[in-house]
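This report refers to the structure that appears directly beneath it.
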Amino acid sequence: KMTQQMRDLQLAQARKPPGPSSPNAAKRLYRNLSGKFRVNYTSFDEGSLAARGEKEKLRKSYLFQSNAALFEAVELQDLDRVQELLKQYSPEELDLNTPNSEGLLPLDIAIMTNNAPIARALLQAGAKESPHFVSLESRSLHLSTLVREAEQRVNELMAQVVNEAPNADCSEKEKQLKAWEWRYRLYKRMKAGFEHARVPDAPTNVHLSVASSSSVQVTFWEPRSVNSAVVTKYKVEWSCSPTFSPLLGEAVIDKLKNLHFTIRGLVSGTAYYVQVSAYNMKGWGPPQASVPPFAIPSNWREYDGRAPRRRGQAEALDHLLGQVKTVHQHCVCHEPCKNQPQSRKHSVSKSLKHLFHPSSKFLKTLKRGLYLTAIFYKDDNILVTHEDQIPVVEIDDTYSCLLMQDFLWFTKVSCMWDEILWLRQCVTVSQSSCSCILQTRFKMLLAISQMQGLLGIQDLGQVFFEPVKDKQGNILIVTLKEVKTNQTFESVRWVPICKLQTSRKSVSSPEEPTALDTLLISIQDKLAYHQRSSHALSPGLYLGYLKLCSAVDQIRVLVPEQLPNILCHVKIRSNPNISREEWEWLQKMASVEEPVPAEPEAENSQNHLFQELQVAIKELMTLVNIPLQEAKDFRLYSQEVLDFGGQVSLLLLLPPSDDVCTAPGQNNPYTPRSGFLTLPLQIFELGEER
């Protein structure tokens, strides 16, 4: 800015006629420019530093006020205010574990006043007890000191108020006196709470289970009685001896949101005993042994030494695909055409004609044929063309009846969106010598490439499990993809879904809607299906129900609408592992001709699994609307446990062999309630892989 002003000054002087300049004008110009120099320098350097320093000072002051507000809310036992502050600020911003001037933390005040709800809220936020209290004696001495000093201060202020004449200073002293009287009562209540408290009882429902071949998991509940003091941590101990001598290890749990602990690094086949004890400000309570009393790390595969089903499969498939690509590089379809000079003119004219052909753009209306549409959505918005149409391209205008095998082939191609160009080269055909099936599939690949090129993106998403059809002979294959980032697309823009549905002018009657109208009407259902099919089960062991129904050209599987990528199911427990002992018991049950519903011996893992299965089977039969008496002929699939990534496993419940798959025309007396749908088996398998 200064340089521009100097240039303007020089130009102005150059335009002026020569003559004596005014000394006063020169001085004024110097002062103005010097002032601008000083202002600019300060604004870019000292000014910005000062502003940042002031901003940081205000921030620290604000956080200090929030810390003081938290202490005040805990002292006043205001649970709502405490929860509001914990939600609004992080533990670091609140200085949650920094003692105040009295050496106390918010958690200390909460537990010594025996305010369990506030103490639990603070503990879940990561609050700790004061490090000053290294022993019971130090805590007792500290509280006695606080009570004595507060009492002394109350007496001093009371004497001053009594002896002084009424004035402004006296009014201020009376306020201080009331504040210290309240603090004196608080410290006395804290001291009394500490003196009357006792160590907590033992934790309840301490359950031990096998988590893997090298780990066990212990879960537990709070003690029935905490003896007037909140439990702030737990201790888990383990040993190979029932007397816990010698002790192999221990772990202190101070994050109390979930009361469980996994002991890792154990030896497979060795029995481990576990006990848990609770701690409050008076110390550790008695330990509680687990039920069952010990667990042996193992996995169901150790029963017969079976290797994981999918071990090395992904690598083998990648290797196989690489080999196929290598072979196809020397394939006839990749060699240059022998009659190149004669076909040159035709290929050039065809490519030029393609630039002006309607199929090189998105379609506005449908004729009789097969089409591809891609639905990209973000929140409540959807991608449309500049004509406010869902992106649609033509696959084949002579294809009026989509064969299921062609559709299933298309769904498999959706797993290789990045390989479409290579697939096109492999399926290159001539119109005269190729089968109709290959011609249709080649046109599908061309349509995919066209859609990718028009949108400027390779991944078109997941194929909806069934095409959209109308009575005019139009068939729409629909792909769905949720956009979670600010991704840019070509030739399209975002519009709200509700606006698209209300603004579209239908060209069909309500009795016979076109495929596009049907798609637009049902688009919310399709988006909901797509979102639900990407959800994952929480870790645990599940009981799944396998029910199939067959048609002429496909087999369909029953799935829940809320989670269509998994079988109908209920959760058995949070631990996904089946131990060797549990699997051995299941094998014995499966080998008996007429299983006797006798419970296994008490206090072992098989008994817990037996009880969990009983509850799960009843819940599952109610879910799929099958009377419980009919389930007596059902059986558990005993060949393997279905494993999904190590965090989710599934036991299969099968109907009698004649009822696993319902044939066309076969009567099924028990139909599931609403909330279920049937998917083509191949579509279900693809969704399960995703």
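The values are calculated or read from the model by the stated rules, or taken from the named source; none is laboratory data. No experiment lies behind these values; they were computed from the predicted model shown. Cβ: placed from backbone, ideal geometry, glycine included. Neighbour counts: every protein chain shown. Ligands, DNA and RNA are excluded from the accessible area calculation, which covers all protein heavy atoms including side chains. Shrake-Rupley method; radii C 1.70, N 1.55, O 1.52, S 1.80 Å.
For each pair in LYS481/LYS547; LYS499/LYS571; LYS469/LYS632; LYS257/LYS282; LYS361/LYS526; LYS361/LYS412, compute the distance between the two Cα atoms and list the pairs where it is over 32 Å.
LYS499/LYS571; LYS469/LYS632
Listed highest first by mean packing, meaning other Cβ atoms within 10 Å per residue, what order do 200-210, 522-532, 482-492 come in? If you can, show how the numbers build up before the last one.
Details: 200-210: 20.9, 522-532: 15.1, 482-492: 12.0.
Answer by packing, highest mean first, reads 200-210, 522-532, 482-492.
Could you work out the local net charge near ALA278, counting Lys and Arg as +1, Asp and Glu as -1, over the other residues with Cβ closer than 9 Å to its Cβ?
So the surrounding residues net to 0.
Take every DSSP beta bridge with both residues inside the stretch 369-534 and express the antiparallel ones as a percent of the total, to the nearest 5.
Details: 15 of 24 bridges.
DSSP beta bridges in the stretch 369-534 are roughly 60 percent antiparallel.
Using mean Cβ contacts within 10 Å as the protection proxy, how do 245-251, 608-614 order, highest first? Kindly include the intermediate steps, with their values, before the conclusion.
Numbers: 245-251: 11.6, 608-614: 17.0.
Sorting 245-251, 608-614 by mean packing, highest first, produces 608-614, 245-251.
Considering only protein heavy atoms and a 1.4 Å probe, what is the carbon-and-sulfur percentage of the accessible area of the stretch 207-298? It would help to have the intermediate numbers written out before the result.
Working: 2230 of 4180 Å².
Taking all protein chains in place, the stretch 207-298 shows 53 percent carbon and sulfur surface.
Under a 1.4 Å probe, what is the accessible area of the stretch 463-594 per residue, stated in Å²?
The answer is 49 Å² per residue.
Tell me the trypsin sites (Lys or Arg not before Pro) within the stretch 223-309 that lie in a loop according to DSSP and have at most 14 other beta-carbon atoms within 10 Å.
ARG224, LYS255, LYS257, ARG264, ARG306, ARG309
Could you give the length gained by full extension between ARG310 and SER538, i.e. 0.36 nm per residue of separation minus their alpha carbon distance, to one decimal place?
Stretched out fully, the ARG310 to SER538 stretch lengthens by 80.0 nm.
For the stretch 365-379, just list the computed ³J(HN,Hα) in residue order, Karplus coefficients 6.51, -1.76 and 1.60, θ = phi - 60°, integers in Hz, with x standing in for Gly and Pro.
10, 10, 9, 5, x, 10, 9, 10, 10, 10, 10, 10, 9, 8, 6
Where Lys and Arg each count +1 and Asp and Glu each count -1, what net charge lies around LEU636 among other residues with Cβ under 14 Å from its Cβ?
-2
What residues qualify as long-range amide H neighbours of SER290, i.e. H under 5 Å apart, gap of 5 or more or another chain, H built at 1.01 Å from N?
VAL274
Kirkwood Rh over Cα pairs of the stretch 207-298 into Stokes-Einstein at 25 °C, 0.890 mPa s: D in µm²/s?
Roughly 182 µm²/s, to the nearest whole number.
Residues in the stretch 196-238 near a label at SER268, defined as backbone nitrogen under 16 Å from the 7 Å Cα→Cβ point?
210-216
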